[in-house]
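Taking it in order: structure first as structure tokens, then the write-up.
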Amino acid sequence: MTPISQTTTAVTPLRPSAHFTAETSWLNDPNGLVHHDGLYHLFFQTNPFGSTWGNISWGHATSTDLVSWEEKPIAIPANEQEMAFSGSAVVDSRNTAGFAADGETALVAIYTSARPPVGEAPGLQTQSLAYSVDAGTTWTRYSGNPVLDIDSSEFRDPKVFWHGGDDGHWVMVVVEAVARKVLFYTSPNLIDWSFSSGFGPAHATGGVWECPDLFPLQVDSTGETRWVLVVSMNPGARAGGSGTQYFVGDFDGTTFVAERLSTSDDPDSYDWLDYGRDYYAAVSFNNTPDGRRLMIGWASNWDYANKTPTAPWRSAMSLVREISLTRTADGRCRLRQTPVLPVHADGVTVSEHLIPLDLGQRSTIVLDTDGVGHEHVRLHFERDEAGAHLIFEREDSGLTDFHSTFAAPNRVPIGTHLESPMNVQIVVDATIIEVFLGDGVQTVTEQVFPAAPLRSARTVRHA
Ligand code: FRU
């Protein structure tokens, strides 16, 4: 938990405009995503005193359009007793916890209290509450914290939501990180929690499990409801370092059952939320006005997050993505992700391409800078007997020497459910590239650190 210092002196002059960054500090996971009274709230893991991980507190930003964010004062600061690790926020409209007086509505944050180590013993991780009765402006820690303690130092990242109607209950989805388990708890009031079931280990288990999420979606073609369980994992994700997988299944308010569990140890037989190296800890909003399922991921990777060459800010969020479920031609239920795009945002470019995936043919999309030098990113699409691939090359994208693996290519298998020619949408915003393949049924998010903005997207074909 000691902050790691920056090893590089050069920094990119660029900062994304539509991807949220903290003005002068470090940022990791999105937390407490919730809509209330016309505002979207984005809380985030931050270090109020520096540009590397440490003193972990909940930062806060709000938006009306999901694209431009206004940073607010720290919501839940670290203190002598604990850091405030990741978690979620709910609107307690039934006042189940009793935090609201007459005429008030409480927003309640459920976060992990991460205690410092005691001698040789690792610090305890427990689940705690903080609440706001002024629409998220100021926050008070609940005096009865913690509300859930299983005497573990690897128990974190509670996602809480209401399940059912008036006679429903709160559900907490939380991980036992090292055991690679998601645990489900229920509560009538956010304060008293009962264990109901567990899920895992399953699929990718090469690293610790973190930041779970669970939500229902209707399958677009059939209207059937399926539940999606999202689990982040660090390290050992398919693109290296940290990454996020998901499971589609059913949830009855107490137990999650996956509809498909691969028995193979091939990571490409699992479902990944993103195939890039920079999409982690993704979670969705509670209480969206029109039932839209909106997610944000942290656009970095624990392999090098503390060393990326920016200052004084470090790390950005992804764009907000609207999530839907589709049954692809091979019969599998898959997530489709559509970015919420800025209408006008300086430096953001969006390009659309139609790429053939024919045997023996290679197509390359080149993202050039319009500044001096030869910095560029190449996306090669090719198909051989083994299948189609996207090779994401950021070797010549600008600053790369802050970490040994950053310049290596990422070879992404393109799913056989994607037809040729494949639609490819690319969003570039200073240091972040988000690629949406086949109308978003596969996505690839990566960071780059050029000296000048990447803009034009040229497509080159080789027979
Ligand atoms: C994921 C994570 C969480 C934890 C937080 C600490 O990136 O490790 O499990 O709550 O970051 O900042």
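The values are calculated or read from the model by the stated rules, or taken from the named source; none is laboratory data. The structure presented is a predicted model; accordingly, all values stated were derived computationally and were not measured. A quick note on method: Cβ atoms are made from the backbone with ideal geometry, for glycine too, and the neighbour counts reach across all protein chains shown. All accessible areas refer to the heavy atoms of the entire protein, side chains included, with ligands and DNA or RNA removed. Shrake-Rupley method; radii C 1.70, N 1.55, O 1.52, S 1.80 Å.
Distance between the C-alpha centers of the range 69-97 and the range 379-437? Whole Å please.
The range 69-97 and the range 379-437 have Cα centres spaced 36 Å from each other.
Residues with amide H under 5 Å of Y142's amide H, sequence separation 5 or more or different chain, H placed in the peptide plane at 1.01 Å from N; which?
Amide H neighbours of Y142, under 5 Å, 5+ apart: L129, A130, Y131.
With every protein chain kept in place and ligands, DNA and RNA left out, what is the accessible area per residue of the range 26-339? Probe 1.4 Å, answer in Å². Show your work: numbers first, answer last.
Details: 10860 Å² over 314 residues.
Per-residue value: 35 Å².
Based on alpha-carbon centroids, what's the gap between the range 246-286 and the range 158-210 in Å, whole number please?
14
Checking the a/c ratio against 1.5 first, then a/b against b/c, what shape does the Cα gyration tensor give for the range 224-337?
Taking the square roots of the gyration eigenvalues as a ≥ b ≥ c, the range 224-337 is oblate.
Once you list every other residue whose beta carbon is under 15 Å from the beta carbon of A451, what net charge do they have if Lys and Arg are +1 and Asp and Glu are -1? All intermediate terms of the calculation are to be shown ahead of the outcome.
Numbers: positive: R15, R394, R455; negative: D368, D370, E375, D396, D401.
Cβ neighbours under 15 Å give a net charge of -2.
Apply the Karplus parameterisation 6.51 cos²θ - 1.76 cosθ + 1.60, with θ equal to phi minus 60°, to every residue of the range 408-420 and state each ³J(HN,Hα) to the nearest whole Hz, in sequence, with x for glycine and proline.
Listing the rounded values in order: 5, x, 10, 9, 9, x, 8, x, 5, 6, 8, 8, 9 Hz.
To the nearest 10 square angstrom, how much accessible area does L418 have with a 1.4 angstrom probe?
So the heavy atoms of L418 present about 20 Å² to solvent.
Let me cross-check I191: its accessible surface, 1.4 Å probe, with only protein heavy atoms counted, in Å² to the nearest 10?
Surface open to solvent at I191 totals about 40 Å².
Please list E224, E104 from largest to smallest accessible area, probe radius 1.4 Å, with all protein chains kept in place. Please list the in-between numbers first.
Working: E224 55, E104 80 Å².
Of E224, E104, the descending order of accessible area is E104, E224.
Quickly work out the D250-to-E224 label distance, labels modelled 7 Å from Cα along the C-beta direction, and quote it in nm with one decimal.
Distance between label points: 1.0 nm.
If you average the sequence gap of Cα pairs under 8 Å that are 6 or more apart and divide by the length of the chain, what percent do you get for the contact order?
Details: 1323 pairs, mean separation 65.9, N = 463.
So the answer I get is 14 percent.
Based on the alpha-carbon gyration tensor of the range 285-386 and its eigenvalue square roots a ≥ b ≥ c, which shape applies: rounded if a/c is under 1.5, prolate if not and a/b is larger than b/c, or oblate? If you can, show how the numbers build up before the last one.
Values: a/c = 1.70, a/b = 1.01, b/c = 1.68.
In terms of gyration-tensor shape, oblate.
Could you give the size of the charge dipole of the range 26-339 about its Cα centre, using +1 on the Cβ of each K and R and -1 on the Cβ of each D and E, expressed in debye and rounded to the nearest 20?
Values: 21 positive and 37 negative charges, 127 e Å.
The dipole magnitude comes to about 600 debye.
Sorted by accessible area with a 1.4 angstrom probe, largest first, how do R327, R277 fall? Please list the in-between numbers first.
Numbers: R327 75, R277 15 Å².
These residues rank, largest area first, as R327, R277.
Provide the FRET efficiency to the nearest 0.05 for the V178-S63 pair, computing r from the beta carbons and using R0 = 25 Å. All intermediate terms of the calculation are to be shown ahead of the outcome.
On the way: r = 35 Å, r/R0 = 1.41.
The pair V178/S63 has a calculated efficiency of 0.10.
What ³J(HN,Hα) values, in whole Hz, does the Karplus curve 6.51 cos²θ - 1.76 cosθ + 1.60 give for the range 114-130 when θ = phi - 60°, with x put for Gly and Pro?
My calculation for the range 114-130 gives 9, 7, x, x, 10, x, 7, 7, x, x, 6, 10, 9, 9, 10, 10, 9 Hz in order.
Compute the Cα gyration tensor for the range 26-339, then decide on rounded, prolate or oblate, letting a ≥ b ≥ c be the square roots of its eigenvalues: rounded whenever a/c is under 1.5, prolate when a/b is larger than b/c in the other cases, and oblate in all that remain. Could you put the intermediate results ahead of the total?
Values: a/c = 1.31, a/b = 1.14, b/c = 1.15.
It comes out rounded by the Cα gyration axes.
Could you compute the net charge surrounding A18? Neighbours are other residues with a C-beta less than 12 Å from the C-beta of A18; K and R count +1, D and E count -1. Each step should come with its number before you reach the end.
Values: positive: R15; negative: D65, D346, D429, E434.
Neighbourhood net charge equals -3.
Would you pull out the residues with amide H under 5 Å of D29's amide H, same chain only if 5 or more places away, H placed 1.01 Å from N?
Excluding prolines and chain starts, which carry no amide H, the hits are Q45.
If you take every residue apart from C333 with its C-beta less than 13 Å away from the C-beta of C333, what net charge results, scoring Lys and Arg +1 and Asp and Glu -1?
Values: positive: R226, R260, R327, R332, R334, R336; negative: D220, E224, D250, E259, D271, D330.
Taking every Cβ under 13 Å from that of C333, the sum is 0.
For Q361, which sequence-distant residues (separation of 5 or more, or a different chain) have an amide H within less than 5 Å of its own amide H, given hydrogens modelled in the peptide plane?
Placed amide hydrogens put R383 under 5 Å from Q361.
Between S456 and F195, what length comes free when the chain is fully extended (0.36 nm per residue of separation minus the Cα-Cα distance, one decimal in nm)? Working shown, then result.
Numbers: separation 261, 0.36 × 261 = 93.96 nm, distance 5.28 nm.
Length gained between S456 and F195: 88.7 nm.
Testing the spin-label approximation: label points 7 Å from Cα along Cα→Cβ at E259 and I150. State their distance in nm.
Simple spin-label model gives 2.7 nm for this pair.
From the phi angles alone, apply the Karplus equation (6.51, -1.76, 1.60; θ = phi - 60°) to the range 425-441 and give each ³J(HN,Hα) in whole Hz, x where the residue is Gly or Pro.
Running phi through 6.51 cos²θ - 1.76 cosθ + 1.60 with θ = phi - 60° gives 10, 10, 10, 10, 9, 6, 10, 10, 10, 10, 10, 10, 9, x, 6, x, 7 Hz.
When only alpha-carbon atoms are used, what values of Rg and Dmax, in angstrom, describe the range 179-263?
Here Rg and the maximum Cα pair distance are 14.0, 40 Å.
What do you reckon, how do D134, D167, D274 stack up by accessible area (1.4 Å probe), largest on top?
Details: D134 60, D167 145, D274 10 Å².
The most accessible residue leads, giving D167, D134, D274.
With all protein chains present, calculate the accessible area of H376 using a 1.4 Å probe and round the result to the nearest 10 Å².
30
Given A281, T62, W302, which one lies farthest toward the positive end of the charge dipole of the chain, if we put +1 on the Cβ of every Lys and Arg and -1 on the Cβ of every Asp and Glu?
Among A281, T62, W302, the one farthest towards the positive end of the dipole of the chain is W302.
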